[in-house]
Amino acid sequence: MKSTALVCCIIALLFISCATPEATQEELVKYVEDEGNGLKIKEEVGEFVFTLQYKPIEYMAINELGNKNGDTTGLAGTKEALSEMEQFNLTIESKDGKTEMLKNQIQNDEDYFRRIEYFSMAAEKDIKMISGKDTLPCVLYHFERSYDITPYSKMVIGFKKNAKENIEDRVISFNESILGIGTINFRVKNKDIKNIPQLIVAK
Amino acid sequence: MKKKVIIIAFSVAVFCVLGSAIYLWVLPKTAYVEVANLYDSFEMKKELETKFQKTQKEREKILDSLKTELSFISRKIEISGRKNTSEIEEFYKKRENIELKQQQFDEDTDAMAEEFKSQIWKRLNQYIDDYGKAKGYDYLYGVDNSYTFLYHKKGNDITEDLKKYVEQRYKGK
């Protein structure tokens, strides 16, 4: 009798520990943007700080719908439209936190315009996602300039989903050729993606 | 008498423990790194070296094909008994072009080597800095052949550990 109760307790504990936690919209956004959860990775090199933000579908849908107050109307449709790809934000910031990234350590205006051209037109082909043995090209690329308003510039990047994405870590490799940094790799662990809490959807 | 001895022994023990603790606290934590070993084993260095060699080979190929073309024109001039002036003109033009290209390639190769070296060191310096902070070191000495350090105790070598850390960082956290 005692041993049966003990087995039941262990099973119950296992069940509780394996269950994916749930989160409200606000909690989910906080979770995804918390560096401690492995979905936001910072890498400092030279005069620049590179930040990669993994964007789960629910997170993107919340941002797209523009409300974090618990209203989940339209969430399912938006989620479906975003489910074709895995998306990330890649932010490059000046280390001093003041200078616009495109102007940081440039010699002249020509350098500035070369950087704008690179990030607007060419950086896309230098970004890849390595998932297991597969190397995937960037299929979505959008560069957002800051126009001196912020010290960082953001690239929205996306890769087509493949079958192995449920088991492998994602390594985003950016082989930049304009800032003098070279290849920079970010690893988003599969276990960290699996640990993302499920969004509570009102019925 | 016995009590006195115990008190003295206890005081000495406390003094020794406290002394060691203060000594360890005050003493800077140091170690050394074999710089050449770390640099040579760095994955980024190997990648850029491959890229460099590939570019160099491509440039050599271009120059070789231009030189073959030039020697072909030269033979034609020899066969015609140096009578065809337009061919001679073409020869000199092409030779000048090759010399210019060679010079341009040499300059580009030097600039590329410098750029790659700077990229590698920028990255290594960042990783060494982060490693030192994470492990609580006060000083990390670089040991190379410049005779800055004439002696270093073998036990303080952290090259292998740092190599592992650097590789992990480079491949993504």
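The values are calculated or read from the model by the stated rules, or taken from the named source; none is laboratory data. The structure displayed is predicted, hence computed values, not measured ones. Counting neighbours? That spans all protein chains shown, and the Cβs are built from the backbone with ideal geometry, glycine included. Just so you know, the surface numbers come from the protein's heavy atoms only, side chains and all, with ligands and any DNA or RNA stripped out. Shrake-Rupley method; radii C 1.70, N 1.55, O 1.52, S 1.80 Å.
I need every pair where a residue in the stretch B:24-40 that is in contact (Cβ under 8 Å) with a residue 40 or more places away in the chain and assigned to a strand (DSSP E or B) has its Cβ under 6 Å from the Cβ of a residue that is open to solvent by 60 Å² or more (accessible area, probe 1.4 Å) and of a type in the set (S, T, N, Q), sequence separation at least 6 or different chains.
B:Ala31/B:Asn156; B:Tyr32/B:Asn156
Show the residue pairs meeting these rules: Cβ distance below 8 Å; 6+ apart or different chains; first residue within the stretch B:122-133 and closer than 16 Å to A:Glu47 by Cβ and more than 9 Å from chain A (Cβ to nearest Cβ); second residue open to solvent by 20 Å² or more (accessible area, probe 1.4 Å) and not in a helix (DSSP H, G or I).
Partner pairs satisfying both residue conditions: none exist.
Which number in (1) of a type in the set (Lys, Arg); (2) open to solvent by 80 Å² or more (accessible area, probe 1.4 Å); (3) more than 14 Å from the chain's Cα centre (by Cα) marks the one condition that B:Arg59 misses?
The failed condition is (2).
Residue check: is B:Ser74 more than 14 Å from chain A (Cβ to nearest Cβ), small (Gly, Ala, Ser), in contact with a Phe, Trp or Tyr (Cβ under 7 Å, 6 or more places away or on another chain) and part of a helix (DSSP H, G or I)?
Yes, satisfied.
For the stretch A:156-186, what are the residues that are away from every other protein chain (no Cβ under 11 Å), under 13 Å from A:Lys133 (Cβ atoms) and among the β-branched types (Val, Ile, Thr)?
Selection gives A:Ile167 alone.
Is at least one residue of the stretch A:129-148 hydrophobic (A, V, I, L, M, F, W, C) and within 14 Å of another protein chain (Cβ to nearest Cβ)?
yes
Tally time: how many residues in the stretch B:20-49 are surrounded by fewer than 17 Cβ atoms within 10 Å (Cβ to Cβ) and either closer than 20 Å to B:Asp138 by Cβ or within 14 Å of another protein chain (Cβ to nearest Cβ) (or both)?
Residues meeting the conditions: 15.
Checking the conditions here, which among B:Glu99, B:Glu107 is over 30 Å from B:Tyr170 (Cβ atoms), open to solvent by 100 Å² or more (accessible area, probe 1.4 Å), part of a helix (DSSP H, G or I) and free of Cβ contacts under 8 Å to residues at least 60 places away in the same chain?
B:Glu99
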